[in-house]
Amino acid sequence: MTAEIIDGKKIAEEIKNEVKRDVERMRASKGIVPGLAVILVGDNPASQSYVRSKGKACEEAGMYSVTERLPVDTPEYVLLEKIARFNTDPKIHGLLVQLPLPKHISEDEVIRAIDPRKDVDGFHPVNIGKLVIGQDTFKSATPAGIQELLIRSGNDPAGKHVVIVGRSNIVGKPVANMLLQKQKGANAVVTIAHTGAPDLRPYIKSADILIAAIGKPEFIKGEMLKEGAVVIDVGINRVEDSSLPKGYRIVGDVHFESASKVAKAITPVPGGVGLMTIAMLLKNTIKAANQLS
Ligand code: GUN
């Protein structure tokens, strides 16, 4: 078997085109331009690159965007003041603080300071609570991107055994809660497997849909999968590669070559989940603008 490639680039483009149409419609009908503010503290290279991409995607979609870059030694109270300012800025509908934050700043405090109505990352405890009990809320961008990839590639999770490897607050826990809801595009039987298990293999082997979000390069090999599984690889890992000018390449949490011989369908890295994240963030910003206006 050679797996079908789930093309994150194509699906993300489709969504971005839908977003662009929605932005034009909002501008024409309500005179509103959806606005996103992104705050970055420090100079983490990966975060800088994500933040640049978010700003660029907003502009391409015809949205308003502000990026606030703060030095690494910014005191927590200064960041909280910036958040308070954006919370009350009528041009801003979505607000996010790029994570991780420097050690001296409490991520919990910062997330709690964001107005839940502008929390387009879906990280605020109020929005997490709504997600868990099945109420409408902002779905975090990466988990929402995973759900959308499954639906749009014809792999509806309903009735399937979804195994998520990894229990992070950003991916594992929210995607589990999204896919288990008794709702369209969900209704799966969900297992979260994690490093507390003495052996991850039996969990991985039992997955109809495997979501790998562990942060270990090429950890999951083809032989570990069930024949015909659908594989969603959330990993973005740098591994050394001296044959490339930049000295590294990006690989996922799944060993693509062996997995694609066993799986029915698989997302590549890069070109899979990563591209969906920004598209879903734009969708959430439109949702916020609609709800606030
Ligand atoms: N860092 C890694 N992923 C994310 C994300 O989705 N949102 C924010 N704010 N920070 C991140």
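Scanning the stretch 20-45 for residues that are touching a residue at least 12 places away in the same chain (Cβ under 8 Å) and either within 16 Å of the ligand (Cβ to nearest atom) or over 18 Å from G94 (Cα atoms) (or both) returns L36, A37, V38, I39, L40, V41, G42, D43, N44. For first residues located in the stretch 80-107 and closer than 14 Å to L40 by Cα and within 15 Å of the ligand (Cβ to nearest atom), partners that are at pLDDT 95 or above and among the aromatic types (F, W, Y) and lie 6+ apart or on another chain with Cβ distances below 6 Å form the pairs L95/F86.
Report, by residue number, each residue of the stretch 23-56 that is crowded, with 21+ Cβ neighbours inside 10 Å and in a helix (DSSP H, G or I). Hits for the stretch 23-56 are V23, K54. Of all the listed residues (A193, A213, A229), the sole one being within 28 Å of Q98 (Cα to Cα), free of Cβ contacts under 8 Å to residues at least 40 places away in the same chain and either surrounded by 14 or more Cβ atoms within 10 Å (Cβ to Cβ) or within 24 Å of the chain's Cα centre (by Cα) (or both) is A193.
Within the stretch 139-164, the set of residues being in a helix (DSSP H, G or I), within 15 Å of the ligand (Cβ to nearest atom) and either of a type outside the set (V, I, T) or without any contact (Cβ under 8 Å) to a residue 24 or more places away in the chain (or both) comprises A141, P143, A144, G145, Q147, E148. Assess whether R117 counts as being under 20 Å from G35 (Cβ atoms), loosely packed, with under 14 Cβ neighbours inside 10 Å, out of contact with any strand residue (DSSP E or B) (no Cβ under 6 Å at 6 or more places or on another chain) and among the basic types (K, R). It is false that R117 is under 20 Å from G35 (Cβ atoms), loosely packed, with under 14 Cβ neighbours inside 10 Å, out of contact with any strand residue (DSSP E or B) (no Cβ under 6 Å at 6 or more places or on another chain) and among the basic types (K, R). If you check K16, K30, K56 for being within 18 Å of T142 (Cβ to Cβ), basic (K, R) and modelled with pLDDT of 95 or more, only one passes: K16.
Looking at the stretch 181-293, the helices (runs of 4 or more DSSP H) lying wholly inside it that each contain 1 or more residues that are touching a Gly at 6+ places or on another chain (Cβ under 9 Å) and aliphatic (A, V, I, L, M) sit at 256-259, 273-292. Scanning the stretch 165-180 for residues that are assigned to a loop (DSSP other than H, G, I, E, B) and of a type outside the set (S, T, Y) turns up G166, R167, N169, I170, V171.
When the stretch 240-256 is filtered for residues that are surrounded by fewer than 18 Cβ atoms within 10 Å (Cβ to Cβ) and in contact (Cβ under 8 Å) with a residue 12 or more places away in the chain, only I250 remains. Determine if the stretch 57-76 includes at least one residue that is part of a helix (DSSP H, G or I) and under 19 Å from the mean Cα position of the chain (by Cα). Within the stretch 57-76, one or more residues are part of a helix (DSSP H, G or I) and under 19 Å from the mean Cα position of the chain (by Cα). Taken over the stretch 128-138, the criterion of being under 18 Å from A289 (Cβ atoms) and surrounded by fewer than 23 Cβ atoms within 10 Å (Cβ to Cβ) is satisfied by D136, T137. Selection of the stretch 108-138 for residues being within 11 Å of the ligand (Cβ to nearest atom) and either farther than 21 Å from I11 by Cβ or basic (K, R) (or both) yields V110, I111, I114, D119, F123.
The values are calculated or read from the model by the stated rules, or taken from the named source; none is laboratory data. Here the structure is a predicted model, which is why all the values come from computation and not from measurement. As a convention, Cβ positions derive from the backbone with ideal geometry for all residues, glycine included, and neighbour counts pool all protein chains shown.
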